[in-house]
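All remarks here apply to the structure that follows.
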Amino acid sequence: MTEIRKHWRLERDADNIAWLIIDKAESGANTLNHEVVVELDAFLAELELEPPKGLVIFSAKPNGFIAGADIHEFTRIETEAQARELIHRGQGVVNRLEALAFPTVAMIHGFCLGGGLELALGCDYRVADDADATRIGLPEVRLGIHPGFGGVARLPGLIGAPAAMDLMLSGRSLSARAAKKLGLVDHAVPARHLREAARSLINTRPPKHRATGWRALTNVAPLRPLLGAMLRKQVAAKARPEHYPAPYALIDLWVKHGGNRAATLLGEEASVGKLVTGDAARNLIRVFMLQERLKTLGDKKLFEPKRVHVIGGGVMGGDIAAWCALCGMQVTVQDRKDETLAKVVQRAASLYHKKLKQPRLVTAALDRLMPDKHGRGVERADVVIEAIFEDVAAKQALYRDIEPRMKPGALLATNTSSIPLEILGEALEQPSRLVGIHFFNPVAQMQLVEIVRHAGTDPDAVARAMAFTRHIDRLPLPVASSPGFLVNRVLMPYLLEAVNLVAEGVAPQVVDETALAFGMPMGPIALADTVGLDICLSVAEILSQRLHVEVPARLRDMVAAGKRGVKTGEGFYRYEKGKTVVTKAGKADFRPADIQDRLMLRLLNEARACLREGVVADADLLDAGIIFGTGFAPFRGGPLHAIEALGADALLEKMRNLHQSQGERFHPDESWLNSEGAAQQRLIT
Ligand code: NAI
């Protein structure tokens, strides 16, 4: 017997076990919105009246169980009262599920995140598919909130407070096996055994899992404040409460009410209600939506490359090749030097050990990465990525050699950071096929990839480059072929201003600390040392030929003296074994009042100039590019969004003052005079 509604259907089998299946209409993934929750509630009410032997909840979507609450619904919440109502309704249905008089099982595959896991926590038992695709977690903190559908109330009791708080504070997700180890799921089995595992739990009704021993003790009143203090310290090392209030609110809630189910549920409702309507959550939700938008720019079905050939096995080419192979591509990597190719494989092996852990997966990934000194892979590649020296003649000579050997429809991409594509394309018979796929260093950590087009680029090549980017799990940002593209152009004035401040006698630590206080993930001086001062200098010189960018003499002197940053053991800081050695350069007590303004206004001003010039198509893409390309304070929602929040008029006033006191580099971009511009182009608020 099957009963079908819009998002759920209920089947009863011959043993009177009810199978409740979620398949959210018009959606690729299951998320919990108002309709889905109301429908579930109605089904549970029916089951209360006609109890089955047991209930199994699972998903009909191939990609997973439930990916969480519907984030689009969050963006429509205007008041705390509306938020509390939504949370209350969600909690109500999970409570109802938990109170059912017959055994209940969540049968999990793929994504089981946020509200999806909280729903599963309302079941008596959980079984999960042990495939790699299974991801179980509570990532709410990344959206500036914390679990609200009973996660804080239930998880510590199930697996002990240390593991529960770690999951909720980090937002990380677990494989089925890791979840089984913690006691979060009862069984992790191959997909084909899932139904049997669920059925057997219903038939045998073993005791429900609970944290025992010391794990249970961590949840009691005398220990909670102690553990809470430790957790606050750990969180403080990563996020400031004024920037990211959610983890602190979560700790406070658990310390205060942890042992008391009803009080914790009420506390969840009040706390998430407040957080979700606050600035940090609104901006982090915005960042999530911006990320979704970048993902949709690349249509994976449009182009399904299997073979990639990378030319140049240096810092970038080597890591690009390794990353593509990690993502399942067959990769050949070409370099003139054998020892460079050997290093590529060595670096790849350590990346794969870190990411894949299981030896058989590491071996399979390494098998996909083939050193290819003579470039034989060119002929068979669907995508050829050139990442050799930043030299026009060398790149053009290479293109002349490879173009006739490439497959007719293959994509030709350059990783150049500064040479106009028009110039590189002059060496090609078909310049329209050339596109920039500009990765950032370190490739394995930087999600963003700029997709660069020149006036003659075939739009189809751009679309295929974006599709390829999605196949290797990076975020494509389409940009025009103008100096520095978007990310380096916006970042560089900020880095150079930091160098100016140091040259004036401000300690590097003071400069970096000021940027951290604004919310940047790393100080500009530490960043310059990490990127390499030689690379900063070369980008700065290229930008200085076209823009208001003066290259500080200090930067030139340091590079000339061989101080190139982390890689040479000395830049603005000194490094031993890759770690910073604390030095006392500069006067730690010399802190001009305008350090933050000088740093940030150069960045914000350049962002406005890029939007005005059309380097990217709209304000959201600009904000997305700077957040994912530089780590710009996510809780501020991007540079253009931050300008609105801080007040464009007030910032312009500061720019004018700095223009007078510091000179041309603070010349306000003409777009400041038309503050409406950025706001008008925004789609995601
Ligand atoms: P690199 O100097 O580390 O590596 C270049 C490699 O290319 C060397 O191993 C060299 O042996 C090889 N090579 C040169 N000519 C070749 C040829 N004709 N055939 C085969 N191999 C050849 O350079 P890096 O830093 O990896 O830069 C490569 C490209 O990526 C440049 O266009 C650069 O502008 C761009 N880029 C660099 C970034 C960085 O942070 N280093 C960031 C983003 C882009």
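Among the conditions (1) open to solvent by 50 Å² or more (accessible area, probe 1.4 Å); (2) under 17 Å from Leu475 (Cα atoms); (3) within 10 Å of the ligand (Cβ to nearest atom), the only one that His438 does not satisfy is (1). When Asn16, Asn33, Asn95 are checked against the criterion of being in contact with a Gly (Cβ under 8 Å, 6 or more places away or on another chain) and of a type in the set (S, T, N, Q), Asn95 stands alone in meeting it. Just wondering, is there one or more residues in the stretch 40-56 that are closer than 22 Å to Ile77 by Cβ and assigned to a helix (DSSP H, G or I)? Yes, the stretch 40-56 contains at least one residue that is closer than 22 Å to Ile77 by Cβ and assigned to a helix (DSSP H, G or I). Residue count for the stretch 191-238, restricted to those that are within 29 Å of Ala99 (Cα to Cα) and either of a type outside the set (A, V, I, L, M, F, W, C) or touching a Gly at 6+ places or on another chain (Cβ under 9 Å) (or both): 28.
Within the stretch 638-651, residues that are under 14 Å from Glu606 (Cβ atoms) reach partners that are of a type in the set (Lys, Arg) with beta carbons closer than 8 Å, at six or more positions or on different chains, in the pairs Gly638/Arg286; Leu640/Arg608; Leu640/Arg682; Ala642/Arg636; Ile643/Arg608.
Looking only at the stretch 102-124, residues that are in a helix (DSSP H, G or I) and aliphatic (A, V, I, L, M) come to 4 in all. Scanning the stretch 292-314 for residues that are open to solvent by 20 Å² or more (accessible area, probe 1.4 Å) and either touching a helix residue (DSSP H, G or I) at 6+ places or on another chain (Cβ under 7 Å) or over 30 Å from Glu85 (Cα atoms) (or both) yields a count of 13. Of all the residues in the stretch 252-284, those that are under 26 Å from the mean Cα position of the chain (by Cα), among the β-branched types (Val, Ile, Thr) and surrounded by fewer than 23 Cβ atoms within 10 Å (Cβ to Cβ) number 1. Against the condition free of Cβ contacts under 8 Å to residues at least 60 places away in the same chain, open to solvent by 10 Å² or more (accessible area, probe 1.4 Å) and small (Gly, Ala, Ser), how does Ala42 come out, does it pass? Against the criterion (free of Cβ contacts under 8 Å to residues at least 60 places away in the same chain, open to solvent by 10 Å² or more (accessible area, probe 1.4 Å) and small (Gly, Ala, Ser)), Ala42 qualifies.
Within the stretch 365-392, residues that are near the ligand (Cβ under 10 Å from one of its atoms) have Cβ atoms under 7 Å from residues that are open to solvent by 70 Å² or more (accessible area, probe 1.4 Å) in these pairs: Lys373/Asp338, counting only partners at least 6 apart in sequence or on another chain. Among the listed residues Leu194, Leu174, which satisfies the condition of being out of contact with any Cys (no Cβ under 8 Å at 6 or more places or on another chain) and either in contact (Cβ under 8 Å) with a residue 40 or more places away in the chain or open to solvent by 20 Å² or more (accessible area, probe 1.4 Å) (or both)? None of the other options fit; the residue is Leu194. Just give me the residues in the stretch 11-39 being open to solvent by 50 Å² or more (accessible area, probe 1.4 Å) and closer than 21 Å to Ile66 by Cα, in sequence order. Glu11, Asp23, Glu26, Gly28, His34, Glu35, Val38 - these are the residues of the stretch 11-39 that are open to solvent by 50 Å² or more (accessible area, probe 1.4 Å) and closer than 21 Å to Ile66 by Cα.
The listed residues are Gly114, Gly122, and the only one of them that is in contact with a strand residue (DSSP E or B) (Cβ under 7 Å, 6 or more places away or on another chain) and open to solvent by less than 10 Å² (accessible area, probe 1.4 Å) turns out to be Gly114. State whether the residues of the stretch 452-461 include one that is under 22 Å from Ile535 (Cβ atoms) and buried (at least 23 other Cβ atoms within 10 Å of the Cβ). So far as the stretch 452-461 goes, yes, one or more of its residues are under 22 Å from Ile535 (Cβ atoms) and buried (at least 23 other Cβ atoms within 10 Å of the Cβ). Summed over the stretch 315-327, residues that are more than 9 Å from the ligand (Cβ to nearest atom) and either without any contact (Cβ under 8 Å) to a residue 40 or more places away in the chain or open to solvent by 10 Å² or more (accessible area, probe 1.4 Å) (or both) total 3. Selection of first residues in the stretch 77-101 that are in a loop (DSSP other than H, G, I, E, B) and of second residues that are of a type in the set (Asp, Glu) and surrounded by fewer than 15 Cβ atoms within 10 Å (Cβ to Cβ), restricted to Cβ pairs under 9 Å at least 6 apart or on distinct chains, gives the following pairs, ordered by first then second residue: Ala99/Glu48; Leu100/Glu48; Ala101/Glu48.
Scanning the stretch 637-669 for residues that are assigned to a helix (DSSP H, G or I) and open to solvent by less than 50 Å² (accessible area, probe 1.4 Å) turns up Pro639, Leu640, His641, Ala642, Ile643, Ala648, Leu651, Leu652, Met655, Leu658, Arg665, Phe666.
Filtering the stretch 395-418 to residues that are within 15 Å of the ligand (Cβ to nearest atom), outside any loop (DSSP other than H, G, I, E, B) and free of Cβ contacts under 8 Å to residues at least 60 places away in the same chain leaves Lys395, Gln396, Ala397, Tyr399, Arg400, Asp401, Glu403, Arg405, Leu412, Ala413, Thr414. Is it true that Val479 is more than 30 Å from Tyr573 (Cα to Cα), without any contact (Cβ under 8 Å) to a residue 40 or more places away in the chain and either open to solvent by 20 Å² or more (accessible area, probe 1.4 Å) or of a type outside the set (Asp, Glu) (or both)? So Val479 fails the test. Within the stretch 328-347, the only residue that satisfies the criterion of being of a type in the set (Val, Ile, Thr), near the ligand (Cβ under 10 Å from one of its atoms) and farther than 17 Å from Ala381 by Cβ is Thr340.
Could you list all residues from the stretch 1-39 that are part of a helix (DSSP H, G or I) and out of contact with any helix residue (DSSP H, G or I) (no Cβ under 6 Å at 6 or more places or on another chain)?
Across the stretch 1-39, the qualifying residues are His34, Glu35, Val36, Val38, Glu39.
The set of residues from the stretch 419-430 being within 16 Å of the ligand (Cβ to nearest atom) and assigned to a loop (DSSP other than H, G, I, E, B) comprises Ile419, Pro420, Ala427, Leu428. Hey, any hits in the stretch 269-288 for a residue that's more than 16 Å from the ligand (Cβ to nearest atom), without any contact (Cβ under 8 Å) to a residue 24 or more places away in the chain and not aliphatic (A, V, I, L, M)? No. The set of residues in the stretch 590-618 that are on the phi < 0 side of the Ramachandran plot, open to solvent by 10 Å² or more (accessible area, probe 1.4 Å) and outside any helix (DSSP H, G or I) comprises Phe590, Arg591, Pro592, Ala593, Asp594, Ala617, Asp618. On the basis of being more than 11 Å from the ligand (Cβ to nearest atom) and on the phi > 0 side of the Ramachandran plot, does Gly312 make the cut? Against the criterion (more than 11 Å from the ligand (Cβ to nearest atom) and on the phi > 0 side of the Ramachandran plot), Gly312 does not qualify. Regarding Ile451, is this residue free of Cβ contacts under 8 Å to residues at least 40 places away in the same chain and either more than 14 Å from the ligand (Cβ to nearest atom) or under 28 Å from Phe628 (Cα atoms) (or both)? Yes, satisfied.
Of everything listed in (1) more than 19 Å from Arg210 (Cβ to Cβ); (2) out of contact with any Phe, Trp or Tyr (no Cβ under 6 Å at 6 or more places or on another chain), the single unmet condition for Arg135 is (2).
The values are calculated or read from the model by the stated rules, or taken from the named source; none is laboratory data. Nothing here was measured: the structure is a model prediction, and the numbers come from that model. FYI the Cβ positions are ideal-geometry reconstructions off the backbone, even for glycines, and counts take in every protein chain you see. Quick note on the areas: whole protein, heavy atoms, side chains included, nothing else; ligands and nucleic acids left out. Shrake-Rupley method; radii C 1.70, N 1.55, O 1.52, S 1.80 Å.
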